[in-house]
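Notes for the one structure printed next.
The values are calculated or read from the model by the stated rules, or taken from the named source; none is laboratory data. Because the structure is a prediction, the values reported are computed rather than measured. Here the Cβ positions follow ideal geometry from the backbone for every residue, glycine too, while neighbour counts run over all protein chains shown.
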Amino acid sequence: MMDESILVLGASGATGRLLVRQLLDRGLRVRAVMRPGAGVPDDLAGHERLDLRRANLLELDDAAMAELIQGCGGMASCLGHNVSFKGLFGQPRRLVTDAMRKLSRAVEARRPETPVRLVLMNTVANCNPDLDEALSVGHRLVIGLLRALLPPHADNEQAAEHLRTRIGQDNSLLEWVTVRPDALFDAERPSEYRLHPSPIRSAIFDPGRTSRVNVAHFMAELLTDEALWGQWRGRMPVIYDEA
């Protein structure tokens with residue numbers, strides 16, 4: 001993978017920018033997709049290994065998607081909805097889900113000789129149906145309300161479900177990991193963090209904390225560390241900062 005680029009979607013977001021930096025620091029080439037008009041951080045502008053693309057991903061046709069993923073052995077999505085009324089309730093309501101569908105179709109059409117890796121940043125409020133995750137009745141009720149009333153939550157669930165059921169765990173073209181952080185906050189540098197197959201606390205009634213830079217660090221490690229990828233491939237790890 002060191003000879004190929006890593007495609008980063010949502011590179012203009014708070015976590016996406018950190019992931020681009022983490023990958024560049026590891027000596028990788030990065031193809032970063034930023035929304036039109038988004039500013040480029042000073043430490044990334046003009047970087048020789050950064051291929052910056054301005055695009056609204058959902059508006060790209062099949063030919064443009066094929067060109068976008070060409071030469072990419074790994075992909076990462078930090079796409080999310082802006083925390084504003086328009087961002088939460090306006091279009092596109094299925095931003096992340098539709099992006100996963102477009103990416104997977106593009107990879108299937110390309111038919112790479114070795115599987116492409118895809119890391120999806122998601123949320124700990126999304127449970128993994130493959131595991132018997134212990135959730136209280138109150139927790140399930142609140143999640144049900146979020147699913148019905150807050151489009152971004154349903155979008156996150158459906159995006160992860162697309163990878164879990166449509167792509168599956170034994171796909172010869174595309175492999176995936178869905179990363180589930182808890183309440184996000186900003187920190188200057190990576191710190192110690194813990195990984196779990198399932199949440200160890202309620203994201204609703206007893207939330208933990210996860211720094212964005214630690215999420216970016218873990219996503220970059222997944223894309224570059226063979227053993228770590230083998231450990232979490234086809235799974236939905238939860239990441240918490242050390243207390």
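Some notes on this structure:
- Residue that is surrounded by the fewest Cβ atoms within 10 Å (Cβ to Cβ), among those in region 182-211 that are touching a Pro at 6+ places or on another chain (Cβ under 8 Å), within 14 Å of Thr15 (Cβ to Cβ) and of a type outside the set (S, T, N, Q): Ala183
- Lone qualifier among Ala32, Ala38, Ala64, Ala45 - being farther than 20 Å from Thr224 by Cβ and modelled with pLDDT of 95 or more: Ala64
- Number of residues in region 120-163 that are among the β-branched types (Val, Ile, Thr), part of a loop (DSSP other than H, G, I, E, B) and touching a Phe, Trp or Tyr at 6+ places or on another chain (Cβ under 9 Å) equals 1.
- Residues within region 1-55 that are surrounded by 17 or more Cβ atoms within 10 Å (Cβ to Cβ) and of a type in the set (Gly, Ala, Ser), tallied: 7
- Condition check for Arg101: under 23 Å from Thr224 (Cβ atoms), out of contact with any strand residue (DSSP E or B) (no Cβ under 6 Å at 6 or more places or on another chain) and not hydroxyl-bearing (Ser, Thr, Tyr): no
- Residue count for region 105-119, restricted to those that are in a helix (DSSP H, G or I) and either surrounded by 21 or more Cβ atoms within 10 Å (Cβ to Cβ) or touching a Phe, Trp or Tyr at 6+ places or on another chain (Cβ under 9 Å) (or both): 2
- Those residues of region 201-243 which are basic (Lys, Arg) and either in a helix (DSSP H, G or I) or touching a helix residue (DSSP H, G or I) at 6+ places or on another chain (Cβ under 6 Å) (or both), in sequence order: Arg212
- Qualifying positions in region 221-230 - surrounded by 14 or more Cβ atoms within 10 Å (Cβ to Cβ) and not charged (D, E, K, R): Leu222, Leu223, Thr224, Leu228, Trp229
- Any hit, region 41-57, residues being part of a strand (DSSP E or B) and in contact (Cβ under 8 Å) with a residue 60 or more places away in the chain: no
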